[in-house]
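Student: Here it is, the structure in full.
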Amino acid sequence: MSLDTLENRISELESVVTFQEHTISSLSSELFIQQEKVKEIDRTLKALVKSYKENISQVSAEHEVPPHY
């Protein structure tokens with residue numbers, strides 16, 4: 001192989017590596033954002049479940065038949 005051919009191949013490989021580094025960085029940022037959203041959804045779900053459990057016992061108590069029936 002000639003020197004020009006090797007230089008061209010190295011240049012192409014450097015371009016590919018640069019593109020891959022940029023892509024990995026972008027994906028990493030997006031993954032972080034998605035993880036934060038999942039954490040927020042998880043917190044919301046836990047709060048809803050807690051609220052539901054607290055309220056379901058109150059609703060059940062309100063609809064109980066009095067003992068004299």
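What follows is calculated from the coordinates using simple rules that are stated; it is not laboratory data. These numbers were taken from a predicted model, which means no experiment stands behind them.
Student: To the nearest Å, what is the center-to-center distance of region 33-50 and region 1-18, using C-alpha atoms only?
Tutor: Value for the Cα centre distance between the two parts: 47 Å.
Student: Can you tell me the orientation of helix 3-62 relative to the chain, as the angle in degrees between its alpha-carbon axis and the longest Cα principal axis, to the nearest 10?
Tutor: Between helix and principal axis, roughly 0 degrees.
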